[in-house]
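Student: The structure follows.
Bear in mind these aren't lab numbers, they're just calculated from the coordinates by the rules spelled out. Since the structure is predicted, the reported quantities are computational estimates derived from the model, not experimental observations. In this analysis, Cβ positions are derived from the backbone assuming ideal geometry, glycine residues included, and neighbour counts consider all displayed protein chains.
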Amino acid sequence: MGRPTILIADDHAMVVEGITELLKQEAEVIGTAETGPDLLEKALRLQADVYMLDIKMPGLNGFETARKLIECKPDAKILFFTAHCSSAYIEEAFRIGAKGFISKFADCATLGAAVESVARGDRYLSPHAQMELDSRSERLRPLTTRQRAVLKLIAQGLSAKEIGYRLGISQRTAEFHRNCIVERLDLHSTAELTRFAWDNGLVSLLEAEVPSTPETPDHSTSSESQNAHKAE
């Protein structure tokens, strides 16, 4: 395989010029775009090995652009190159179907490795992004699997009754799990819990992923809530 071709979408001209210069030995930039719609229009005319997208762009952000790009080009290999390296952004990128995620603070060697890996069809996560995911894992460690599910639904705006219905547990048990989450994270308001869930990738940035078909709820007694933490 020769030098991979790249189509870049970033609304900062200096960033695009810098990428082009840094990669001139390893890859060929065949086109640039300042907006998502511009990138999509050029993608119809230019076949690139790698589509490098920023996340924060005017009009159509990088995630929305990636979704539309994959709709018209299912095999598109997308590499997100962004200063916004939160775990929520990383999770969303791969949920959409991106092949790689790299910070704009990465060095030249890391940038080259990312482009090469994505062009081959391999998944690539820069060291900085990997550290963020590892940190997210530590932040979520105090919560059980069930408590993470409850927290996700809290962030989606569901009440304890609705959460119980969704998860097939009693309202009392849902409230018990919420109280455990509050205690373990030391976050006390719904706004704080919601922010934590979004920042740590428990909820999609672009859509609420609430199950369409709820499980059958139970009507357990208060003894269930007393023992819920043992089961999860």
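Student: Output needed for the chain: three equivalent-ellipsoid semi-axes, defined as square roots of 5 times the C-alpha gyration tensor eigenvalues, in descending order, whole Å. Display every interim value, and only then the final one.
Tutor: On the way: eigenvalues 346, 61, 39 Å².
Largest first, the chain gives 42, 17, 14 Å.
Student: Separate question: Positive end of the dipole of the chain, charges at C-beta (+1 Lys, Arg; -1 Asp, Glu), about the Cα centre: which of Leu40, Gln130, Ala174 has its Cα farthest in that direction?
Tutor: The one lying farthest along the dipole's positive direction is Ala174.
Student: What are the lysines whose alpha-carbon lies under 21 Å from the alpha-carbon of Lys161, with same-chain residues fewer than 8 places away excluded?
Tutor: Lys152
Student: Let me ask something additional. Show the residues, 5+ positions off or on another chain, whose built amide H is closer than 5 Å to the amide H of Tyr124.
Tutor: Those qualifying (amide H under 5 Å, at least 5 residues apart or on another chain) are Gly100, Phe101.
Student: Another one. Long-range amide H contacts for Ile169: which residues qualify at under 5 Å (H placed 1.01 Å from N, peptide plane, sequence gap of 5 or more or a different chain)?
Tutor: Asp218
Student: Taking the dipole about the Cα centre of the chain, with the C-beta of Lys and Arg at +1 and of Asp and Glu at -1, give me whichever of Thr194, Met14, Ile90 is farthest to the positive side.
Tutor: Thr194
Student: Please compute the Kirkwood hydrodynamic radius over region 5-136, one decimal place, Å, based on all pairs of different Cα atoms. Can you show the working numbers first?
Tutor: Values: mean 1/r = 0.0701 Å⁻¹.
Result for region 5-136, one decimal place: 14.3 Å.
Student: Whose amide H sits under 5 Å from the amide H of Glu28, counting only residues 5 or more places off or on another chain, with H placed in the peptide plane?
Tutor: The list, which skips near neighbours in sequence, is Thr5, Ile6.
Student: Something else now. Using a Förster radius of 25 Å, what is the FRET efficiency between Arg45 and Ile70 based on their Cβ-Cβ separation? Nearest 0.05, please. All intermediate terms of the calculation are to be shown ahead of the outcome.
Tutor: On the way: r = 17 Å, r/R0 = 0.70.
Working from the Cβ atoms, E equals 0.90.
Student: I would also like to ask the following. If I build a Gaussian network model for the chain, linking alpha-carbon pairs within less than 10 angstrom, which residue out of Arg139, Arg178, Arg45 has the largest mean-square fluctuation?
Tutor: Arg45
Student: From the P(r) of region 73-147, could you give the percentage of C-alpha pairs in the tail past 19 Å? Spell out each step's value before the answer.
Tutor: Values: 1035 of 2775 pairs.
Value for region 73-147 (Cα pairs over 19 Å): 37 percent.
Student: Mind ranking 58-64, 181-187 by how tightly packed they are, going by the mean number of other C-beta atoms within 10 angstrom, highest first?
Tutor: Values: 58-64: 17.6, 181-187: 14.7.
Descending packing order for the listed peptides: 58-64, 181-187.
Student: At a 10 angstrom cut-off on C-beta neighbours, averaged per residue, how do the peptides 46-52, 193-199 rank from highest to lowest?
Tutor: On the way: 46-52: 21.7, 193-199: 17.3.
In descending order of packing, they fall as 46-52, 193-199.
Student: A further question on this structure: Determine the relative contact order of the chain: mean sequence separation of Cα pairs under 8 Å and six or more apart, normalised by residue count, in whole percent.
Tutor: Numbers: 371 pairs, mean separation 35.7, N = 232.
Rounded, it is 15 percent for the chain.
Student: On to the next question. Place a +1 charge on the Cβ of each Lys and Arg in the chain and a -1 charge on the Cβ of each Asp and Glu, then give the dipole magnitude about the Cα centre in debye, rounded to the nearest 20.
Tutor: Numbers: 27 positive and 34 negative charges, 115 e Å.
Charge dipole, the chain, about its Cα centre: 560 debye, nearest 20.
Student: List the aspartates and glutamates whose Cα lies under 14 Å from the Cα of Lys68, skipping any in the same chain that are fewer than 8 positions away.
Tutor: In chain and number order, the partners are Asp38, Glu41.
Student: Given springs between every Cα pair under 10 Å in a Gaussian network model of the chain, which of Phe101, Phe81, Phe176 has the largest fluctuation?
Tutor: Phe176
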